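The values are calculated or read from the model by the stated rules, or taken from the named source; none is laboratory data. Keep in mind that this is a model prediction, so the values were computed, not measured. Cβ atoms come from the backbone with ideal geometry, glycine included; neighbour counts cover every protein chain shown. Accessible surface is based on the protein model in full, side chains and every heavy atom, while ligands, DNA and RNA are left aside. Shrake-Rupley method; radii C 1.70, N 1.55, O 1.52, S 1.80 Å.
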Amino acid sequence: MNESATTVTDAVAPQRGTLLAASGVTMQFGGLTALNDVSFGLREGEIIGLIGPNGAGKTTLFNCLTGLYSPTSGAVTLNGSPLPQDPARVTEQGVARTFQNIRLFPSMTAEENVLVGRHVRMKQNPLSSLLHGPGFRRSEAEAAERTAKLLAFVGLTRFSDELARNLPYGDQRRLEIARALATDPSVLLLDEPTAGMNAQETEATRQLIFAIRDLGISVVVIEHDTKFIFTLCDRVLVLVQGQLLVEGTPDEVRGDPRVVEAYLGAPPEEVEAQVHGVDVHGSEGQEQG
Amino acid sequence: MWTWRLGRWVEWALLLVVFALVLMLVAAVLTSGGQGSAANVYSGAVFLSFLGAVGGLLGALHASGLLTWVAAVSERHRVFSIVVLLACALLLPFTSAGTEYWMTVAANIGVYAATAIGLNIVVGLAGLLDLGYVAFLGIGAFVAANLSGAAAAQLDISVPFPLVMVISAVVAGIFGAIVGSPTLRVRGDYLAIVTLAFGEIFVRSAQNNIGGLTGGSNAIPGIPALSLFGQSFNERLDIGGLRLAPGVLYYVLIVLIVAAVMLVFANLKNSRLGRAWIAIREDEDAARAMGVRTGPIKILAFLIGAMLAGLAGAFFAHKTATVSYESFRFLESVTLLAAVILGGMGTIPGAVLGASILFVLPEKLREFSDYRLLLFGIALVLIMRFRPQGLVPDAHRRAELAPETVDEPPPPPPSTAGAGAKAGQA
Ligand SMILES: Nc1ncnc2c1ncn2[C@@H]1O[C@H](COP(=O)(O)OP(=O)(O)OP(=O)(O)O)[C@@H](O)[C@H]1O
Ligand SMILES: [Mg+2]
């Protein structure tokens, strides 16, 4: 048991095929240590699940992996080189994300939201934007075609002209995924992609994430719904109070006494809630950076 | 809702009639209650009642859905509408409003409309509050004044007007980029304060005749009128038997400038850059997470907005013949901002309509002298109370208020159908 489900503090040396790696990442906010010496590596074509109680530091880890926060100590590398300290450049280099509390552009249509995701991959100089010349029109047509495909991919074609704010909740989450995919990422970070979804929508999202992996994109998923995580992921990381407690396959993690304790140590209704993916602490309202 | 689609020619003819009616309406509104300065104690009141009637009529048409339908038709024939609208604007001098007085008022409206559209890029698209924006109009005007060969100007050179427009725009744009650079560090209210301070610095510097370039409290008078093929823009124009009022050529020029500015705005809005601006307005952090380099893009908004204002400033200098710092004070910045918000943020017709109202109303209410600004203020409050989204809101904002769209079937019931469709294709 201890063989396979190792505690990860004894570091993951960046190995071949590792896209995104954190080594010894520590993040402090004043006196609060949100992340404590976290190390892990995301390999090509892998789906990693990130679970842990509310306030464990999961979202904070995402923020460190996307250049929104710079870790107090430790380092994040992308394809072996240090991560730029600017979210826009991180996205250019192939890491895209969604947000726990949905952050679409509410007064833009679904199509326009995805088009903004295309921003980094489009080439238009201001002059061509001004005159709408042939080069401009070609790039707009390419982007529109790509956007239509992505909206179809996540099943939102019929909403493409609808304002993002008018979309049903679950579809907003899907739109956020389409927008992130529009940046042509090699790594996709999903922060609670099924929060607030019913069973049917959750299942659809699971299929969607598999389909994204099949496109050759590596995925890290934060979820409270452990059943969802265990049936989706190749590997699962358990974060408790800023520390990476356990890492392993779903089977290993499920049976690990430390995980059982971390979850069962909590009051019963909370364990119940977390197994069913209900967020008892209402983390939806929490705003990140 | 009205969903007819008629034949192409029928729709064209219909648009033609509509725009012709608009032209007549504009002329009638302008001249209602007498020709401007004509001493008629009742003219203000007549104008107000006339305006009320027109407003009521438009309101009724809007409520019946007819306006929305016409807007949709004109959207289908976009190029045609633009051409006809431009033609109508150019025909205004041939109506009863074609007097020197109204041509001057219209030229001023044009200056502020162009400036308001520039401001609309910064405020309406990128969502950055700029409280000192009129300074860019001033910079453009002072640059043009100094290059005009006017006796009072510091520089003793006379540059051809087309080149002056370019130089004014570029200089104003450079200042725009400088003023915009704090946006890298400050947001929201703090940015507003920075821009406010810049506007104030500009006015003080101009008042103190900085570098001898602004004439201080003497202003720069005697800027020569523009002329083309020996025809001064200030003089009466005779074409064949037609005799047009002085100032018509200025009017024509400003119509063309405003049209160009509109084109810039519309084209940029529907581009990668424009979408990035709107994304920043909507959620700056999310925009960054989508790879938008927000710093340079915000500065670009300031730069381009300022260039448009500088362009208008070059025209303004020659039209008014005197450029004084007094034309570019805080109140003017506020009025411009009011024009943008009143008309509808992020839209072209909104900015033009806003500028028109803000500059025609005070003209028309002159008879009320002391109460003029009070009435003006009340009118603003009323409009914002009953139409907070502006007179001509952005299509998107409009959609918020009336979610059911015209040509599409209503969206299927949310989640269940969505999951079904998804499962079907995954
Ligand atoms: N910008 C910040 N400033 C101060 N404290 C922060 C900041 N961001 C996060 N924290 C704190 O760090 C801790 C970890 O928060 P984080 O949002 O990463 O948790 P989480 O695992 O995502 O929780 P949840 O499941 O509720 O989303 C919390 O105590 C939170 O209050
Ligand atoms: Mg979180």
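Of the residues B:317, B:301, B:309, B:321, which single one is more than 8 Å from chain A (Cβ to nearest Cβ), out of contact with any helix residue (DSSP H, G or I) (no Cβ under 9 Å at 6 or more places or on another chain) and in contact (Cβ under 8 Å) with a residue 24 or more places away in the chain?
B:321
Just one of (1) in the same structural domain as residue A:43 (by TED's automatic domain parsing); (2) open to solvent by less than 50 Å² (accessible area, probe 1.4 Å) trips up residue A:200, so point out which.
(2) is the only condition that residue A:200 fails.
Quick one: what pairs do we get from region B:175-200, first residue on the phi > 0 side of the Ramachandran plot and assigned by TED's automatic domain parsing to the domain that holds residue B:329, second open to solvent by 40 Å² or more (accessible area, probe 1.4 Å) and of a type outside the set (Val, Ile, Thr), C-beta under 8 Å, 6+ apart or different chains?
Note: pairs meeting the criteria are B:188/B:129.
Report, by residue number, each residue of region A:29-73 that is part of a loop (DSSP other than H, G, I, E, B) and within 8 Å of ligand 1 (Cβ to nearest atom).
A:30, A:52, A:53, A:54, A:55, A:56, A:57, A:69
Pull up region A:15-28, narrow it to residues that are over 18 Å from residue A:243 (Cα atoms) and either open to solvent by 10 Å² or more (accessible area, probe 1.4 Å) or within 14 Å of chain B (Cβ to nearest Cβ) (or both), then point me to the one that is farthest from ligand 1 (Cβ to nearest atom).
The selected residue is A:16.
Restricting to region A:104-135, and then to whatever is surrounded by fewer than 21 Cβ atoms within 10 Å (Cβ to Cβ) and assigned to a helix (DSSP H, G or I), can you tell me which residue is farthest from the other protein chains (Cβ to nearest Cβ)?
A:134
Could you please let me know if residue A:101 is in a loop (DSSP other than H, G, I, E, B) and either charged (D, E, K, R) or within 12 Å of another protein chain (Cβ to nearest Cβ) (or both)?
Working: in a loop (DSSP other than H, G, I, E, B): yes; either charged (D, E, K, R) or within 12 Å of another protein chain (Cβ to nearest Cβ) (or both): yes.
It is true that residue A:101 is in a loop (DSSP other than H, G, I, E, B) and either charged (D, E, K, R) or within 12 Å of another protein chain (Cβ to nearest Cβ) (or both).
Every residue in region B:273-297 that is among the hydrophobic types (A, V, I, L, M, F, W, C) and in a helix (DSSP H, G or I), please.
Correct list: B:273, B:276, B:277, B:278, B:279, B:280, B:286, B:287, B:289, B:297.
Only one of A:68, A:50, A:83 is open to solvent by 10 Å² or more (accessible area, probe 1.4 Å) and within 14 Å of ligand 2 (Cβ to nearest atom). Can you tell me which? Spell out how you get there, then give the answer.
On the way: A:50 fails: open to solvent by 10 Å² or more (accessible area, probe 1.4 Å); A:83 fails: within 14 Å of ligand 2 (Cβ to nearest atom).
Sole residue among the options that is open to solvent by 10 Å² or more (accessible area, probe 1.4 Å) and within 14 Å of ligand 2 (Cβ to nearest atom): A:68.
State the number of residues belonging to region A:74-125 that are within 16 Å of ligand 1 (Cβ to nearest atom) and more than 19 Å from the chain's Cα centre (by Cα).
Looking only at that region, the number is 1.
Given B:121, B:117, which one is more than 30 Å from residue B:28 (Cβ to Cβ) and modelled with pLDDT of 90 or more?
Checking each option against the conditions leaves just B:121.
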